[in-house]
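Read through the structure below, which is laid out as structure tokens, and then see the notes.
Each reported figure results from applying straightforward, stated rules to the coordinates on display, with no laboratory input. Fair warning: this is a prediction, and the values are worked out from it, not measured in the lab. No Cβ is skipped: glycine too gets one built from the backbone with ideal geometry, and neighbour counts run over all protein chains shown.
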Amino acid sequence: MSGLEFDERTSRRVEATYLAPDVVRQRRIVREALSLHHGERVLDLGSGPGFLAVEMAAEVGPDGAVCGIDPSPSMLALAADRSGHAVEYRQAGAERIPFQDGTFDAVVSTQVFEYLPDVPGALAEVRRVLRSGGRLVLVDTDWDSLVWRSPDDALTDRVLTAFEQHLADARLPRKLPAALVAAGFRDVRTSVVPLLNVGYSPTTYSAGLLELVAEFVPGRDGITAEEATAWAAGQRALGPDYFFSLNRYLFAATG
Ligand SMILES: C[S@@+](CC[C@H](N)C(=O)[O-])C[C@H]1O[C@@H](n2cnc3c(N)ncnc32)[C@H](O)[C@@H]1O
């Protein structure tokens, strides 16, 4: 069975999840790390529903340019609806970025590299399209950092192990500093972006993630649809005792 397919249903679920205040905060932290100026050219690699791209378009202004690439037609459609003409979108992947060498002042990619089977190849492509001295910001999750209270720890372990199949590498961040240096990036800085949800609320990141997990795991590692539904219901039923904590890691580097 393959990983997560960003079809229309999944794309809409990701879009809804990324409206949560904790993900809005993450985008603010990413934009601070990028420190864009008026007139700059920036690439959003794996632009997804396009929230970050639209925010960056306001920062670079009409003299700058934001380009988003993503292989998913559903994600591109959501992003185009969101941004009008403020962002130029192309259907493409990290394997072959459809721009010439040195095109961009900055490249950003959030929650994308952990899906890629060839991280060194993608970093080489990013470095190629970044001008000398340009800035790169990556954000990825290390799923070993997950703390999720559950009324049934054994079932939760099985569900979350099966959910790791949605990624190429569920523990990528710990390898990224060395991978960035190996790809020729300089001045690599690492910071942590925690997501913390205490008390169940349907408008948080993890509430959306919970539904995505429950849809993804049936049929994997022997998990039935009934078990997935029961797991999700058990998590929601924790109510005020619900506890979710997960670390994303932000990498800033110079090309
Ligand atoms: C979890 S979403 C993140 C979207 C967006 N970067 C954000 O943070 O809002 C992952 C995105 O990576 C895209 N993606 C998957 N494989 C890719 C590839 N090989 N190259 C570029 N993007 C890819 C998916 O289509 C999806 O839009």
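Before moving on, here are some points about what is shown:
- Normalised contact order of region 147-255, rounded percent, pairs of Cα under 8 Å and 6 or more residues apart: 46
- Estimated inter-spin distance, Phe243 and Ala124, nm [label 7 Å along Cα→Cβ]: 4.6
- For the chain, the longest principal axis of the C-alpha atoms and the axis of helix 205-216 are separated by about 70°.
- Viscosity 0.692 mPa s, temperature 37 °C, Stokes-Einstein D of region 1-99 from Kirkwood C-alpha radius, µm²/s: 237
- The coefficient of translational diffusion for region 35-77, derived via Stokes-Einstein from the alpha carbon Kirkwood radius under 4 °C and 1.567 mPa s, stands at 124 µm²/s.
- Kirkwood radius for the chain, taken over all pairs of different Cα atoms as the inverse mean of 1/r, rounds to 18.8 Å.
- Computed from the Kirkwood radius of its Cα pairs, the Stokes-Einstein diffusion coefficient for region 157-255 at 10 °C and 1.306 mPa s stands at 102 µm²/s.
- Taking all pairs of distinct alpha-carbon atoms in region 80-186, Kirkwood radius in angstrom: 16.0
- Label point distance in nm, Thr203-Arg96, each placed 7 Å from Cα along Cα→Cβ: 4.5
- Converting the Cα gyration tensor eigenvalues of region 74-115 into ellipsoid dimensions via √(5λ) gives semi-axes, longest first, of 19, 15, 11 Å.
- Sequence-distant contacts, meaning Cα pairs under 8 Å at least 6 residues apart, place the relative contact order of the chain at 22 percent.
- Net charge of neighbours whose Cβ lies under 13 Å from the Cβ of Thr254, counting Lys and Arg as +1 and Asp and Glu as -1: +3
- Beta bridges per DSSP with both ends in the chain, % antiparallel, nearest 5: 55
- Protection proxy ranking, peptides 9-21, 146-158, average beta carbon neighbours within 10 Å, highest first: 9-21, 146-158
- Note: relative contact order over region 69-144, using C-alpha pairs below 8 Å and six or more positions apart, is 33 percent.
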